[in-house]
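The values are calculated or read from the model by the stated rules, or taken from the named source; none is laboratory data. Bear in mind that the values here come from a model prediction, so they are computed numbers and not experimental data. Quick reminder, even Gly has a Cβ in these numbers, built from the backbone with ideal geometry, and neighbours come from all protein chains shown. When the accessible area is computed, the model is the full protein with side chains, heavy atoms only, and any ligands, DNA or RNA have been set aside. Shrake-Rupley method; radii C 1.70, N 1.55, O 1.52, S 1.80 Å.
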Amino acid sequence: LFNFSASSKQKNYYYEVQFGNLIVGKAEVFFRSTSQNLNIDIKSQTAGILDALYGYNGVLKSSSIKNKGTWLPNKFSADGVFEKKKRTTDITWFNDHKTVSYVNVPTIDLKKHHEVQKSSLINVIDPITAFMRVIEKINEENTCDQNFKVFDGRRRYDLKIKTIGNSTIDNDRPKSYKGNVLICGLRVFPIGGHRLKTKWKPSEDKISDI
């Protein structure tokens, strides 16, 4: 797992997403870090037949600052094109990382999505910084039990992550991982920004492994 010490200045990773033996997506992850600052850029795009059917490419950028041993959100942005429609989001944290200012282009369509209430945006965290907190907890304590108030600019949700147990996996294809793993589960509680009309019933969800 990722380990960001003062000597860990830059790391780059490349991933392929497969469905069966078909590559349907690609992602590049760029890390730049010091002991107190962490910048992550994630570029992703569809590939193969999925790209021909839907066509998506996007970039996520996250800037985090470590304070008293904990990664705190600083800035987060998302730029993406799906089916030739472009969307952008920019978030900045203020007041000791407790409040946010954000801009969406286009704005959220309240005829299709639940409103994100301003009162729900206190002490929120972006999804990438939340993920890095989980990674550090696994590295340090071999557990992933945490709760987050997540905001990505368009959706506000609570995230519960729970340790399920240890296991081993075999690599079922070239380049995939083989070895010991810690299984973590998660559950999402929507607060705002989710669709008004959906078949999803979050009240019936259970912890799912990831």
Q) What strands (runs of 3 or more DSSP E) completely inside segment 94-210 contain at least 2 residues that are under 16 Å from the mean Cα position of the chain (by Cα) and under 21 Å from residue 62 (Cα atoms)? A) 146-151, 156-169
(Q) Taking the conditions exactly as written (more than 19 Å from residue 92 (Cα to Cα) and modelled with pLDDT of 95 or more), does residue 112 satisfy them or not? (A) yes
Q: Sort out which residues of segment 67-95 are within 22 Å of residue 34 (Cα to Cα) and of a type outside the set (A, V, I, L, M, F, W, C), and write them in order of number.
A: 67, 68, 69, 70, 73, 74, 75, 77, 92
Q: For residue 197, indicate whether it is in contact with a Lys or Arg (Cβ under 8 Å, 6 or more places away or on another chain), modelled with pLDDT of 95 or more and either closer than 30 Å to residue 93 by Cα or open to solvent by 80 Å² or more (accessible area, probe 1.4 Å) (or both).
A: no
Q. Does residue 14 satisfy the condition of being part of a strand (DSSP E or B), of a type in the set (Ser, Thr, Tyr) and loosely packed, with under 14 Cβ neighbours inside 10 Å?
A. yes
Q: Would you mention how many residues in segment 130-188 are under 18 Å from residue 206 (Cβ atoms) and among the β-branched types (Val, Ile, Thr)?
A: 5
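Return the residue satisfying two criteria in turn: it lies in segment 80-93 and is open to solvent by 60 Å² or more (accessible area, probe 1.4 Å) and assigned to a strand (DSSP E or B), and of such residues it is nearest to residue 191 (Cα to Cα).
The qualifying residue nearest to residue 191 (Cα to Cα) is 90.
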Q. So, of the residues in segment 96-111 that are surrounded by 12 or more Cβ atoms within 10 Å (Cβ to Cβ) and among the aliphatic types (A, V, I, L, M), which turns out to be nearest to residue 153 (Cα to Cα)?
A. 103
